[in-house]
Amino acid sequence: MTTRPALVKGSRAVRSTIALKMLMAVSGLIFVGYVLAHMYGNLKAFSGQEAFNDYAHHLRELGEPLLPHEGFLWIARVVLLLSLFVHVFCAIALWRRAGRARTTKYVVKKNKHSSFSSHWMRWGGITLLLFIIWHLLNFTVGRINVNTGETGDAAGDPYTLMVQSFEVPWLTVIYLLAMVALALHLHHGTWSAAQTLGLTNNATSRRNAKAIGTILAVVVAGGFSLVPIFVLAGVID
Amino acid sequence: MKLNLKIWRQENATAPGGIHTYELDDVSEDMSFLEMLDVLNEQLNAEGEEPIAFDSDCREGICGQCSLMIDGEAHGPEVTTTCQLHMRSFRDGDSITIEPWRADAFPIVKDLVVDRSAFDRIIQQGGYISVNTGAAPDAHATPVPKDKANRAFDVATCIGCGACVAACPNGSASLFLGAKITHLGELPQGQAERDTRVVNMIGQHDAEGFGGCTNIGECTAACPKEIPLDVISRLNWDLHAALRHGK
Amino acid sequence: MTDLPDTTNSFDSSRTLDAAALAEREGAQQTDDAADYYVDGDPIQDTKAPGGPLEERWNTRQFEARIANPANRRRLSVIVVGTGLAGASAAATLGEAGYVVKSFCYQDSPRRAHSIAAQGGINAAKNYKGDGDSVYRLFYDTIKGGDYRSRESNVYRLAQVSTSIIDQCVAQGVPFAREYGGLLDNRSFGGVQVSRTFYARGQTGQQLLIGAYQALERQVAAGTVKCYTRHEMVELIVVDGRARGIIVRDMVTGEIETYFADVVVLASGGYGNVFFLSTNAMGCNVTAAWRAHRKGALMANPCYTQIHPTCIPVAGAHQSKLTLMSESLRNDGRIWVPKNQADCGKDPREIPEEDRDYYLERIYPAFGNLVPRDIASRQAKNMCDEGRGVGPEVDGVRRGVYLDFAEAIDRLGRKAIEDKYDNLFDMYARITGEDPYTSPMRIYPAVHYVMGGLWVDYDLQSTIPGLFVTGEANFSDHGANRLGASALMQGLADGYFVLPNTIRDYLAEGPFEKIAEDDPAVVEAQQSVKSRIEQFMTTNGTRSVDSYHRELGHIMWEYCGMERSEDGLRKAIDLIRSLKEDFWRNVRVLGSAESMNQSLEKAGRVADFFELGELMCIDALNRRESCGGHFRAESQTEEGEALRHDDQYAYVAAWEWGGADEKPILHKEHLTYEFVEMKQRSYK
Ligand SMILES: Cc1cc2nc3c(=O)[nH]c(=O)nc-3n(C[C@H](O)[C@H](O)[C@H](O)COP(=O)(O)OP(=O)(O)OC[C@H]3O[C@@H](n4cnc5c(N)ncnc54)[C@H](O)[C@@H]3O)c2cc1C
Ligand code: HEM
Ligand code: HEM
Ligand code: SF4
Ligand code: F3S
Ligand code: FES
């Protein structure tokens, strides 16, 4: 027989799996806030080049003169980066732990009562991580215009870069696929975060949290998808 | 009816195991699933093959001793325990795969029998209200509002069977843990130890090697006592409170 | 024990003379059907029960019982076999007191002990309803319910202690049912006139056991108790006349292990499984008690068996156990069978009202469907024996009667019935595949509880010094019949309050001398365990253990079940003896003894059931009267009701093991009633 673990002494709340989960939930919710705002910003593309670029410019001036130029943006970037680090770190820690919790797999296992999105969180997370890396190369850090092959400032203003990018069909497809991953992630992630934070103590609040998850998934992923689709369709140019 | 059974057999915790196939005839639909295995064991015994080890005791759905992953579902296709599952849930000619609970915190003892003592150790870490015998005040000294009493009861029905762990893709025991946290946390008697209870119990849960919960919800669907998912929310909430209190 | 004041409740010989004189006057026959099967031993007495006023006896005993020095307790060790209500509560309480406790059970966790299955509730004389309940009334009802075959002192103590049990359990967080005001709810149970039963829906046993289990685990964490799960006690160690330890088989590794202690407590539950089919859990066994019996502990009233009238009938030859349906169903359901045999196979809904025989309402108009368990059970058997049973034929007989809710559903509406019995109806539907809302349930009696058990004195000590017995494993408080909701009460009373207070008197003499591993008594015990296992493993016969158990159960049920007769019992004894012989020659146990081996576990249990079964029949044969759960065909009134013979049988039959193939020795403990007058029951 395998040896049985002893009783652990001196457990601390902060060292528990639940604390890890809470960090995930908080960082995840920060992302949710961010993507909502980001999506709203993206929709400015429908108001034309000027409005969109103004908006991008305006972001950089937000908080002035209290904050230096791009101050707000940098605060947001730092928060997002930290969140990303925390989110990914915890995701890896929990994933590894789950892997060790069942090293022999079932010959047959049915998961009939849970959503696909809940099972796809980890793969969806990886997809999102890859997407974010590419996305930043694409639009911020590298500013790579796949259409023209230009990078940096030469790639054009944000609006132009975006429009020209989505004129490339395969790139649009990649974005749209990423939005599917995002939708799945939000669908389960939102309700899951509510549960992790202990906000779903009865059947009603649980139903509500799930509904919010579904709505967010549709709104955010849908909202993001509009721009690439309409660019590809030539409505935005 | 006639069945084709694919059953996991394993000599002991360390020996390698594998699926063996058995044919069983004349299964009546009035049999419970475990009675069907009894009949198979009679057959094996007659053929000179060692009977298959599996756990059961009350066979009434209350002791929590029976287990079995039946065709990929903990306690089989109905919301009940394996001992209360009847063969009328199956069809003539069915092929049924039977495996033990799989979780590294539940090591296999033999064939379909696993060691769930990890649950006892989780309880040892605070799944109780500290009151020595004879030290109790009159039972009517503390009224408990009926809704709280009902809720405490609903979640106290957990039988400690481990189906939640078996069903959870992460091998998490959060539902079991949450049920006990909620049961004691709903009652006025349980308040004094609420913070230390949750911290110590989750500490043991993690040390035993159970996975973390990602709110998938297979556990509650497999739970024969229909313990609701909100006990996990309650567990998280209590841990949250303990964090705030610096525990 | 000599420094104790003499509180002997001595056997009052003038009373028996009276009884004997009475017997002569009434012309009762002085027969002894079992004469060839046993030898007479000396009468025994319970020397620990103090005399004096009934209410003061327990206080007196608690005061007089010595206290083990607290500093010494860390050096005093206790073995508790069993983690049911009786065992878990005792182990936890002794751990709290500071003794070193070792707790054993055969399941994979202490929480799974059979107590968990109890549904109905637990009695306590709290009188929260203000309906006139009192300690005395509970005492009185228990004595009367036990058909005047229990001890007044014990029963009174039980009733006294009952109130503290509820306090203790509530403090532990047991979620009893409550009223809207937040206070505890009570119901009336088993036909008593007051509401004194505390309950937690239909899962009272579970909730109480989890409470005791949690208290136990708390002590495990505190280091005072060590739990040995999946360890089966297979022998008792007696050294120099004292119980000093046990031998267990580790059911995972097969290892035979020896544990020593200053005192051994058996809380190993009841032996109803001697009938194979019963409402008991699969693993319930007599082995722990029987091994102690073979080492000198007396077995008292083994034939007293309680048969529960409302169980789901046997469905076929594959049946492994029977499921109890709560007795509360009889409050609304009407019990009937067809008047004509020809109708028995028909769909019950097609049998017209005039062709139905509501036999309980017919025979007992005053109590109707609510007659006591034994009467309801026996009448169901009578109906089936007459050939008017219903349901599938098993071995050529239909064994079942209808429990019909049609009228109640008409009167109260389906919703009301759902609210009350939803989970029971679901359970019934799951097991039988029939819908009890639309067609009547079928029920049949099944073995449920045994009042018999190891003989203990007021201190719960057996005739082996240092061996204490609690819960269903002892015989002490229920007489010939147990009231509903009183087993849980007794288990917890014993474990939380009685045993911890009496055992200290014995422990005050300890710690006893350390026992050497190679003490001849120990070596002999280990050897006997090993050779028994060896024999099972090498017999290599053709029949499975289960098949023997089933056959033994059949014999017991047929001849030592609801109705017992002289001829039947004699026949049963012969059948058991020859089956036992065949068992030892022809049983087949495969696999190895050095790993988990469930056939081997069962083999040991069944071997002990054979010996117990025989003794039960002898005990039943000896008791040519009908009392409580024991009905002798030869002792009934003209109307076929049970007839007691207080003049001859107002005693506890305590049997001593005479040796293998030797006759058991009967010791009688005469029962005297100082406070309650013995009356003949009547439910007409
Ligand atoms: C279906 C059902 C319903 C019932 N409902 C009620 C009710 O409503 N109210 C009521 O008052 N009573 C009820 N009873 C009766 C009551 O439940 C039991 O009498 C009582 O629980 C017995 O408790 P116990 O602690 O003595 O033994 P158990 O609970 O039977 O415990 C026995 C313990 O001993 C251990 N053990 C046994 N043999 C060995 C061995 N050889 N080695 C090691 N360990 C061993 C077991 O592992 C177990 O832990 C009911 C009984 C049944 C069957
Ligand atoms: C950077 C890449 C990302 C990775 C690797 C990742 C991975 C994960 C993983 C593994 C989980 C836990 C799975 C589970 O709970 O079932 C998770 C949860 C979550 N994620 Fe992400 N994720 C990423 C990005 C995002 C983004 C962009 C958002 C929001 C838009 C987000 C929001 C959430 C939320 C709300 C949760 C739920 C937290 C909880 O269960 O308590 N994540 N993520
Ligand atoms: C189709 C969908 C999307 C489009 C069209 C889009 C477009 C853009 C554009 C144009 C920028 C540059 C803005 C600027 O420089 O001012 C940008 C930046 C950014 N986007 Fe997106 N985005 C999409 C989806 C997402 C998603 C799903 C995420 C997160 C999961 C995301 C995260 C970011 C981040 C972190 C930045 C960098 C902001 C900064 O630090 O300056 N985007 N996006
Ligand atoms: S929560 Fe449900 S599935 Fe888990 S142990 Fe308890 S009863 Fe079993
Ligand atoms: S299935 Fe597992 S992930 Fe959580 S919700 Fe249940 S424990
Ligand atoms: S055997 Fe007790 S719950 Fe199944």
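The values are calculated or read from the model by the stated rules, or taken from the named source; none is laboratory data. It should be emphasised that the depicted structure is a prediction, and the values quoted were computed from it without experimental measurement. So basically every Cβ, Gly included, is an ideal-geometry build from the backbone, and we count neighbours across all protein chains shown. Accessible surface areas use protein heavy atoms only, side chains included; no ligands, DNA or RNA. Shrake-Rupley method; radii C 1.70, N 1.55, O 1.52, S 1.80 Å.
Answer yes or no as to whether A:Leu171 is more than 15 Å from ligand 2 (Cβ to nearest atom), in a helix (DSSP H, G or I) and surrounded by fewer than 20 Cβ atoms within 10 Å (Cβ to Cβ).
Yes, satisfied.
Is the stretch B:84-104 home to any residue that is of a type in the set (Phe, Trp, Tyr) and within 14 Å of chain A (Cβ to nearest Cβ)?
Within the stretch B:84-104 (the criterion being of a type in the set (Phe, Trp, Tyr) and within 14 Å of chain A (Cβ to nearest Cβ)), the answer is yes, since at least one residue qualifies.
Restricting the stretch C:270-287 to residues that are outside any loop (DSSP other than H, G, I, E, B) and out of contact with any Asp or Glu (no Cβ under 8 Å at 6 or more places or on another chain), which is nearest to ligand 3 (Cβ to nearest atom)?
Applying the filter and picking the extreme gives C:Asn273.
Report whether or not C:Arg196 is basic (Lys, Arg), more than 9 Å from chain B (Cβ to nearest Cβ) and touching a helix residue (DSSP H, G or I) at 6+ places or on another chain (Cβ under 8 Å).
So C:Arg196 fits the description; yes.
Inside the stretch B:168-196, can you point out the residues that are more than 8 Å from chain A (Cβ to nearest Cβ), in contact (Cβ under 8 Å) with a residue 60 or more places away in the chain and crowded, with 24+ Cβ neighbours inside 10 Å?
The answer is B:Ala173, B:Ser174.
Looking only at the stretch A:79-125, how many residues end up being part of a helix (DSSP H, G or I) and closer than 16 Å to B:Glu218 by Cβ?
8
Here are the criteria: (1) within 16 Å of ligand 4 (Cβ to nearest atom); (2) modelled with pLDDT of 95 or more; (3) open to solvent by 20 Å² or more (accessible area, probe 1.4 Å). Tell me which single one A:Val180 does not satisfy.
Unmet for A:Val180, out of (1) within 16 Å of ligand 4 (Cβ to nearest atom); (2) modelled with pLDDT of 95 or more; (3) open to solvent by 20 Å² or more (accessible area, probe 1.4 Å): (1).
Do you know which residues across the stretch C:114-137 are open to solvent by 10 Å² or more (accessible area, probe 1.4 Å) and within 16 Å of ligand 6 (Cβ to nearest atom)?
Hits for the stretch C:114-137 are C:His114, C:Ser115, C:Ala117, C:Ala118, C:Gln119.
For residues in the stretch C:533-554 being within 11 Å of another protein chain (Cβ to nearest Cβ) and part of a helix (DSSP H, G or I), which is most open to solvent (accessible area, probe 1.4 Å)?
Ranking the qualifying residues of the stretch C:533-554, first place goes to C:Arg550.
Looking only at the stretch C:82-137, filter to residues that are over 21 Å from C:Gln214 (Cα atoms) and assigned to a helix (DSSP H, G or I); which one of those is farthest from ligand 3 (Cβ to nearest atom)?
The extreme case among them is C:Tyr136.
If we scan the stretch C:621-641, do we find a residue that is open to solvent by less than 50 Å² (accessible area, probe 1.4 Å), touching a strand residue (DSSP E or B) at 6+ places or on another chain (Cβ under 9 Å) and on the phi > 0 side of the Ramachandran plot?
Checked against the condition, which is being open to solvent by less than 50 Å² (accessible area, probe 1.4 Å), touching a strand residue (DSSP E or B) at 6+ places or on another chain (Cβ under 9 Å) and on the phi > 0 side of the Ramachandran plot, the stretch C:621-641 yields at least one hit.
Taking the stretch B:40-72, which residues are outside any helix (DSSP H, G or I), more than 8 Å from ligand 6 (Cβ to nearest atom) and aliphatic (A, V, I, L, M)?
Within the stretch B:40-72, B:Ile52, B:Ala53, B:Leu68, B:Met69, B:Ile70 meet the criteria.
Criterion first (open to solvent by less than 20 Å² (accessible area, probe 1.4 Å), of a type in the set (D, E, K, R) and near ligand 5 (Cβ under 10 Å from one of its atoms)) does B:Glu218 satisfy it?
yes
Taking the stretch B:46-56 on its own, how many of its residues are over 17 Å from B:Asn4 (Cβ atoms) and out of contact with any Lys or Arg (no Cβ under 6 Å at 6 or more places or on another chain)?
Counting residues in the stretch B:46-56 that are over 17 Å from B:Asn4 (Cβ atoms) and out of contact with any Lys or Arg (no Cβ under 6 Å at 6 or more places or on another chain) gives 7.
Given A:Val141, A:Val108, which one is away from ligand 1 (no atom under 16 Å from the Cβ), among the hydrophobic types (A, V, I, L, M, F, W, C), within 11 Å of chain B (Cβ to nearest Cβ) and more than 18 Å from A:Gly189 (Cα to Cα)?
None of the other options fit; the residue is A:Val108.
Got a sec? Which of A:Ala193, A:Ala221, A:Ala209, A:Ala217 is within 11 Å of chain B (Cβ to nearest Cβ), within 16 Å of ligand 3 (Cβ to nearest atom) and not hydroxyl-bearing (Ser, Thr, Tyr)?
Unique residue meeting the criteria: A:Ala193.
In the stretch C:176-193, what count of residues is obtained for those that are within 10 Å of another protein chain (Cβ to nearest Cβ) and either of a type in the set (Phe, Trp, Tyr) or open to solvent by 40 Å² or more (accessible area, probe 1.4 Å) (or both)?
5
Among all residue pairs at least 6 apart or on different chains, which show Cβ distances below 7 Å where the first residue, located in the stretch B:56-76, is more than 8 Å from every other protein chain (Cβ to nearest Cβ) and open to solvent by 10 Å² or more (accessible area, probe 1.4 Å) and the second is aromatic (Phe, Trp, Tyr) and within 16 Å of ligand 3 (Cβ to nearest atom)?
none
Sort out which residues of the stretch A:128-157 are farther than 21 Å from A:Gly222 by Cα and touching a helix residue (DSSP H, G or I) at 6+ places or on another chain (Cβ under 6 Å), and write them in order of number.
A:Arg143, A:Ile144, A:Asn145, A:Val146, A:Asn147, A:Ala155, A:Asp157
Among the residues of the stretch A:133-165, which ones are of a type in the set (Val, Ile, Thr), buried (at least 16 other Cβ atoms within 10 Å of the Cβ) and part of a helix (DSSP H, G or I)?
Of everything in the stretch A:133-165, those that are of a type in the set (Val, Ile, Thr), buried (at least 16 other Cβ atoms within 10 Å of the Cβ) and part of a helix (DSSP H, G or I) turn out to be A:Thr160, A:Val163.
For the condition aromatic (Phe, Trp, Tyr), more than 16 Å from ligand 1 (Cβ to nearest atom), within 14 Å of chain B (Cβ to nearest Cβ) and closer than 24 Å to A:Gly28 by Cα, what is the one hit in A:Phe131, A:Phe116?
Every option except A:Phe116 fails the conditions.
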